[in-house]
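Data block below; observations after.
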Amino acid sequence: LTGVLDDCLCDIESIDDFNTFKIFPKIQKLQERDYFRYYKVNLKRPCPFWADDGHCSIKDCHVEPCPESKIPVGIKAGSSNKYSKAANHSKELEDCEQANKLGAVNSTLSNQSKEAFIDWARYDDSQDHFCELDDERSPDAQYVDLLLNPERYTGYKGPSAWRVWNSIYEENCFKPRSVYRPLNPLAPSRVWDLLFSFSSTGLCLEKRVFYKLISGLHASINLHLCANYLLEETWGKPSWGPNVKEFTRRFDPIETKGEGPRRLKNLYFLYLIELRALSKVAPYFERSVVDLYTGNGHEDAESKALLIEIFRDTKSFHMHFDEKSMFAGDKKGAKSLKEEFRLHFKNISRIMDCVGCDKCRLWGKLQTQGLGTALKILFSEKEIQNLPENSPSKGFQLTRQEIVALVNAFGR
């Protein structure tokens, strides 16, 4: 890819250089820190739109929860239990049996990590979201170590997987009326062509942006599946790596009739939107009252310093997407379109509960919530600017779940 992206004054080469040398090494380090590596998610929520008949083609594509006897009493008690510093020096519990088979989500956590999670709840608050958030108090919600559960190909494909993407595009996306639902979910190349063929035809800026974000998310997920693909399985040990043939099938200009580069450009556009959100939310985290709390004071301070450093880098990038050009029409029309925008995206986050593979659902929910958090930030500029320095904010608040999702989605 080369050249300028549509709807913004930014060229691809500048983004590549900026990300490779400034952002990626730091965001990768940040994702490895305890605050950002554990994500609480409910993978058992029922699909709200159709009977949940789609299951991963691999039998181990499910969560192996820790046995009840291994979970400390403090975790069961919930947020009412006070954090105990002594827990920092206690011996870690014996790890749960790891689920290392293809597609399984490894939910192994140490006792120390679980104790820290209790206090993280103190910093969480609910707002008017762009996403359907999981109820963290639900007995089905559990912490997942993202480093032990990388996004990769799991064998989940076919009608169930395509039904999810069809619903996302066809039922929720702003689109020209002339585009119809693809009927055959077993013909992925044809489905893909239909989904991407109307990306910016006859749509206003806001609707083009919405479409490109969903398209960019789709491209991101497919890229990661191609980059971390099951290449072979010998003696029961799977081996993952880049699958060039699969990448070519999904993105090559000839194979995709010229659509592949557009899909990748939409991924760059998604990057710019989330980069912009990070630069805009910096004042929220720069306040002394905000702490990336895990219970380990030294690591917490280092994590915050690294995050602030990343914010500083995002501000140094001079070709941001200008969100002020969105919803800039008459107040009544702009307000209506903005609310429609929010509800569309919230509905897409609900569709993620229809994904039949737990690992795919995990990363789908996380990346959707990350993008939803970015949109929430971009539409809350005044509230962020008016934050009090030394007290919690009522006008704008991010839960730990949203913070973790934002950083990891951008890291993707």
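The values are calculated or read from the model by the stated rules, or taken from the named source; none is laboratory data. Quantities reported herein were computed from a predicted structural model and do not represent experimental measurements. A quick note on method: Cβ atoms are made from the backbone with ideal geometry, for glycine too, and the neighbour counts reach across all protein chains shown. Each accessible area value is taken on the protein alone, full model and side chains, heavy atoms only, with ligands, DNA and RNA left out. Shrake-Rupley method; radii C 1.70, N 1.55, O 1.52, S 1.80 Å.
Annotations for the structure displayed:
- Pairing each residue of the stretch 294-322 that is buried (at least 18 other Cβ atoms within 10 Å of the Cβ) with any residue that is polar (S, T, N, Q) and at pLDDT below 90, provided the two are 6+ apart or on different chains, yields C-beta distances under 7 Å for G295/N88; D300/T294.
- Listed by first and then second residue, the pairs linking a residue in the stretch 1-20 that is free of Cβ contacts under 8 Å to residues at least 40 places away in the same chain to a residue that is open to solvent by 20 Å² or more (accessible area, probe 1.4 Å) and not in a loop (DSSP other than H, G, I, E, B), with Cβ atoms under 6 Å apart and 6 or more places separating them unless they lie on different chains, are V4/D11.
- Taken over the stretch 202-256, the residue count meeting the criterion of being farther than 23 Å from L371 by Cα and not charged (D, E, K, R) is 19.
- Figure legend. Inter-residue proximity from the stretch 389-406: first residues within 11 Å of V290 (Cβ to Cβ), second residues at pLDDT 85 or above and among the charged types (D, E, K, R), beta-carbon distance below 7 Å, spacing 6+ or different chains. Indicated pairs: E389/R287.
- Helices (runs of 4 or more DSSP H) contained entirely in the stretch 1-77, each with at least 2 residues that are modelled with pLDDT of 85 or more and more than 20 Å from H320 (Cβ to Cβ): 24-31, 34-37
- Residue match in the stretch 298-312 (condition: assigned to a loop (DSSP other than H, G, I, E, B) and closer than 26 Å to A219 by Cβ): no
- When each of A277, A282 is tested for being crowded, with 21+ Cβ neighbours inside 10 Å, under 22 Å from H320 (Cβ atoms) and not β-branched (V, I, T), the lone residue that passes is A277.
- Residue identified as under 20 Å from the mean Cα position of the chain (by Cα) and aromatic (F, W, Y) among Y293, Y268: Y268
Yes/no matrix, rows are residues, columns are (1) at pLDDT 70 or above; (2) assigned to a loop (DSSP other than H, G, I, E, B); (3) open to solvent by 10 Å² or more (accessible area, probe 1.4 Å); (4) of a type in the set (F, W, Y):
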residue	(1), (2), (3), (4)
Q98	no, yes, yes, no
E115	no, no, yes, no
Q127	no, yes, yes, no
P139	yes, yes, yes, no
Y153	yes, yes, yes, yes
K157	yes, yes, yes, no
W162	yes, no, yes, yes
W165	yes, no, yes, yes
K175	no, yes, yes, no
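- Positions within the stretch 357-410 being under 28 Å from D145 (Cα atoms) and either basic (K, R) or surrounded by fewer than 19 Cβ atoms within 10 Å (Cβ to Cβ) (or both), in sequence order: K359, R361, K365, K376, Q397, R400
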